[in-house]
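S.K.: Mind looking over this structure? Questions follow.
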Amino acid sequence: MFSEIKREPARSFAFALAAERRLLVVPRLEAVDALALRVLELVNADPSLPPIDPPEAYALAFAKHAGPPLLTDNASPKLASLTLEELKGVEVLDSLDVLRALYSGETLLRAVREFAEDTGVRFSARRLRELGVA
């Protein structure tokens with residue numbers, strides 16, 4: 001949801017990706033709305049999962065409905081896709097997954113540090129250790 005992107009450089013970048021057809025922009029779909037409501041109910045009723053908000057639930061529901069991977073740095077969609085039977089098979093990636101796919105070794109370490117400085121997003125020490133970059 002574009003309203004979730006607060007910083008102007010990030011908004012401009014997202015619009016540029018959309019214009020290049022490298023970012024999917026979708027309209028509201030009735031079937032996805034219904035699934036998003038179900039996702040909200042399932043996730044927010046499970047005390048073992050972090051809460052999910054409506055834009056994340058919609059994005060997760062769209063990924064389930066249409067099949068593209070969901071890119072988010074919020075933990076709830078990723079954990080929900082791994083935990084809830086209704087969301088099995090939905091691929092949820094975060095920025096660390098993308099950086100790991102693009103880089104390795106020292107370049108990955110540098111990219112993770114630069115990403116954290118640029119965005120304020122911090123990755124768990126456990127995941128960084130697993131990658132050998134902590």
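The values are calculated or read from the model by the stated rules, or taken from the named source; none is laboratory data. Here the structure is a predicted model, which is why all the values come from computation and not from measurement. All Cβ positions, even for glycine, are placed from backbone atoms using ideal geometry, and neighbour counts span all protein chains on display.
S.K.: Against the definition (in contact with an Asp or Glu (Cβ under 9 Å, 6 or more places away or on another chain) and either surrounded by fewer than 19 Cβ atoms within 10 Å (Cβ to Cβ) or of a type outside the set (A, V, I, L, M) (or both)), how does Asp118 come out, yes or no? Break it down into steps so the answer makes sense when it comes.
M.R.: Working: in contact with an Asp or Glu (Cβ under 9 Å, 6 or more places away or on another chain): no; either surrounded by fewer than 19 Cβ atoms within 10 Å (Cβ to Cβ) or of a type outside the set (A, V, I, L, M) (or both): yes.
Spelling it out, it is not the case that Asp118 is in contact with an Asp or Glu (Cβ under 9 Å, 6 or more places away or on another chain) and either surrounded by fewer than 19 Cβ atoms within 10 Å (Cβ to Cβ) or of a type outside the set (A, V, I, L, M) (or both).
S.K.: Another question about this same structure. Quick check on this structure: which one of Leu128, Leu93, Leu79, Leu49 is farther than 23 Å from Arg22 by Cα, in contact with a Pro (Cβ under 8 Å, 6 or more places away or on another chain) and among the aliphatic types (A, V, I, L, M)?
M.R.: After ruling out the rest, the residue left standing is Leu79.
S.K.: With the structure loaded, tell me whether Ser76 is closer than 20 Å to Ala14 by Cβ, in contact with an Asp or Glu (Cβ under 7 Å, 6 or more places away or on another chain) and without any contact (Cβ under 8 Å) to a residue 40 or more places away in the chain or whether it fails that test.
M.R.: Against the criterion (closer than 20 Å to Ala14 by Cβ, in contact with an Asp or Glu (Cβ under 7 Å, 6 or more places away or on another chain) and without any contact (Cβ under 8 Å) to a residue 40 or more places away in the chain), Ser76 does not qualify.
S.K.: A follow-up question, please. Quick one: in region 75-128, which of the residues that are of a type in the set (Lys, Arg) and assigned by TED's automatic domain parsing to the domain that holds Leu40 is farthest from the chain's Cα centre (by Cα)? Give the steps one after another, and end with the answer.
M.R.: Taking region 75-128 first, the residues of a type in the set (Lys, Arg) are 78, 88, 100, 110, 113, 122, 126-127.
Subset that is assigned by TED's automatic domain parsing to the domain that holds Leu40: 78, 88.
Working: Lys78: 7, Lys88: 16 Å.
Among those that are of a type in the set (Lys, Arg) and assigned by TED's automatic domain parsing to the domain that holds Leu40, it is Lys88.
S.K.: Any chance you could count how many residues in region 39-55 are outside any loop (DSSP other than H, G, I, E, B) and surrounded by 15 or more Cβ atoms within 10 Å (Cβ to Cβ)?
M.R.: The number of residues fulfilling the criteria is 6.
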